[in-house]
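Inspection log for the structure reproduced underneath, given as structure tokens.
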Amino acid sequence: MVFTQTMVIDDVIATTPATAARKQWFRDYTAKFGSYYGYSSFAADAVQMVTNALLQSTTLSRESIRSIVETSQFDGLSGPIRITPDNHSGLMPQALTVLVARNGRWRLATS
């Protein structure tokens, strides 16, 4: 399966502040909810994106917020995100990895 590293965060070595933040978020999430739901990091990134836009905007107009969101760039919980007016997904290809099911868990695929 192709997905973000968040599904296998226990297998990932934190070599950057963004990866360390993802690992901590995963620990906090699973401590609170008991297990991990794969799409929750996307939802958290969306909330962060809107929050960032609201903090940057000088007005709460729809146009202003949309303009800021459409130029958002940040290291999200799902991976690096770079939104443009033509690309509203924004999840960069390097955020995705190949996972395999092994012993009842998702694991990083090894070559």
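Brief remarks follow.
- Some residue of the stretch 3-20 being among the hydroxyl-bearing types (S, T, Y), surrounded by 15 or more Cβ atoms within 10 Å (Cβ to Cβ) and touching a Leu at 6+ places or on another chain (Cβ under 6 Å): no
- Test: residue in the stretch 24-34 that is of a type in the set (D, E, K, R) and outside any helix (DSSP H, G or I): no
- Taking each residue of the stretch 1-30 that is over 17 Å from V98 (Cβ atoms) and free of Cβ contacts under 8 Å to residues at least 24 places away in the same chain and looking for partners that are aliphatic (A, V, I, L, M) and outside any helix (DSSP H, G or I) with beta-carbon atoms closer than 8 Å, six or more apart or interchain, yields T19/V12; T19/I13; A20/A14; K23/V12; K23/A14.
- For the stretch 39-73, filtered to residues that are among the aliphatic types (A, V, I, L, M) and within 17 Å of R22 (Cα to Cα), the residue that is surrounded by the fewest Cβ atoms within 10 Å (Cβ to Cβ) is V47.
- In this structure, R27 does not satisfy being within 12 Å of the chain's Cα centre (by Cα) and surrounded by 12 or more Cβ atoms within 10 Å (Cβ to Cβ).
- Segments classed as strands (runs of 3 or more DSSP E), wholly inside the stretch 42-111, with at least 1 members that are at pLDDT below 95 and among the basic types (K, R): 96-102, 105-108
- Cβ pairs under 9 Å, 6+ apart, first in the stretch 78-105 and under 17 Å from I65 (Cα atoms), second of a type in the set (K, R) and in a strand (DSSP E or B): G90/R82
- Hey, T84 within 28 Å of T110 (Cα to Cα) and either of a type in the set (S, T, N, Q) or touching a Pro at 6+ places or on another chain (Cβ under 7 Å) (or both) or not: no
- The listed residue being β-branched (V, I, T), out of contact with any Lys or Arg (no Cβ under 8 Å at 6 or more places or on another chain) and within 15 Å of T4 (Cβ to Cβ), out of T97, T84: T97
- Test: residue in the stretch 26-46 that is among the hydrophobic types (A, V, I, L, M, F, W, C) and more than 30 Å from T110 (Cβ to Cβ): yes
- Failed criterion for Y36 (all others in (1) under 18 Å from L96 (Cβ atoms); (2) loosely packed, with under 12 Cβ neighbours inside 10 Å hold): (2)
The values are calculated or read from the model by the stated rules, or taken from the named source; none is laboratory data. As the structure is a prediction and not an experimental result, all values here were calculated from the model. Neighbour counts are summed over all protein chains in view; Cβ atoms, including those assigned to glycine, are modelled from backbone coordinates with ideal geometry.
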